[in-house]
Amino acid sequence: MYRIYIVEDDRGIAEGIASCLRNWGMEGRTASDFRNIMAEIGEYEPHLILMDITLPYMGGYHWCREIRKTSSVPIIFISSAADNMNIIMAIDMGADDFIAKPFDQSVLISKVSALLRRTYDFNQAAFTLQAGGAVLNTNNNTLTYNGETVELARNEYRILLTLMQNKGKVVSREKLMEALWETDCYVDDNTLTVNVGRLRKTLESVGLKNLVRTRFGVGYILEE
């Protein structure tokens, strides 16, 4: 049973989410000590975290940064502050998705289920892909180049995987968005640009420059 940790200070919303998750065969636990979120995460070991932005003591962005220092657990922000800037900031902090309040429970369950499926079911069939001398390991989301290995963030991995699977071909922005979120219905186009930029910085950190090239107005291509 998947464990979902809910960091939401509105008890009514938090309990409603937990109840909804239970109805769909998942376990939902709400945060009880907003000063010690990291301790509760360490004790509960959730498969996915739902995080509000505005919280007592420290905000959701702070906790997302702290989580990303030690864990790649999927994080979905849930917030009424759903303007483009907050969505971009959330993704840039390391979140995997964003749901605007108020939201339909079916949308919440759909996004949670899709992210769990991509994270935990997909990796069971492990293999490696190569391009430009780099090796992508799908078992542990790592990239190795010239003897140096770097761990990719989840969205960086999904983008690079899709590009490697279509090596030498232009991949449209829409296809990459589908690879990240399965549907672009709830995603602002700017979030893809942010994630591609983060991937490029990671690739450059191990000496891979210009591996991912932009085809303006069309999408991206991986060139060796």
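Return the residues of segment 128-151 that are more than 15 Å from VAL212 (Cβ to Cβ) and of a type in the set (A, V, I, L, M, F, W, C); say none if nothing qualifies.
VAL135
For segment 44-57, name all the residues that are part of a loop (DSSP other than H, G, I, E, B) and either among the polar types (S, T, N, Q) or surrounded by 13 or more Cβ atoms within 10 Å (Cβ to Cβ) (or both). Walk me through how you get there before you give the answer.
Applying the first criterion (part of a loop (DSSP other than H, G, I, E, B)) to segment 44-57 yields 45-47, 52-57.
Hits for segment 44-57 are PRO46, HIS47, ASP52, ILE53, THR54, LEU55.
Are any of the residues in segment 111-131 touching a Leu at 6+ places or on another chain (Cβ under 9 Å), at pLDDT below 90 and on the phi > 0 side of the Ramachandran plot?
No, segment 111-131 contains no residue that is touching a Leu at 6+ places or on another chain (Cβ under 9 Å), at pLDDT below 90 and on the phi > 0 side of the Ramachandran plot.
Please find, within segment 71-90, the residue that is nearest to the chain's Cα centre (by Cα) out of those that are surrounded by 23 or more Cβ atoms within 10 Å (Cβ to Cβ) and closer than 22 Å to GLU45 by Cα. Working first, answer last.
Our first condition is that a residue be surrounded by 23 or more Cβ atoms within 10 Å (Cβ to Cβ); within segment 71-90, this holds for 75, 77-78, 87, 90.
Narrowing the set further to residues that are closer than 22 Å to GLU45 by Cα leaves 75, 77-78, 90.
Working: ILE75: 6, PHE77: 10, ILE78: 13, ALA90: 10 Å.
Ranking the candidates gives ILE75 first.
Counting only residues that are part of a helix (DSSP H, G or I) and touching a strand residue (DSSP E or B) at 6+ places or on another chain (Cβ under 6 Å), how many does segment 71-95 have?
2
Test each condition in (1) without any contact (Cβ under 8 Å) to a residue 40 or more places away in the chain; (2) within 17 Å of TYR2 (Cα to Cα) for LEU108 and report the one that comes out false.
The number of the failed condition is (1).
Among the numbered criteria (1) modelled with pLDDT of 90 or more; (2) within 20 Å of VAL194 (Cα to Cα), which single criterion is violated by ILE6?
(2)
Only residues that are under 21 Å from the mean Cα position of the chain (by Cα) and either β-branched (Val, Ile, Thr) or surrounded by fewer than 15 Cβ atoms within 10 Å (Cβ to Cβ) (or both): list them for segment 16-37, please.
Result: ILE17, THR30, ILE37.
The values are calculated or read from the model by the stated rules, or taken from the named source; none is laboratory data. In this text the structure is predicted, and so the values were computed from the model without any measurement. Reconstructed Cβ throughout: ideal geometry from the backbone, glycine too, with neighbour counts over all protein chains shown.
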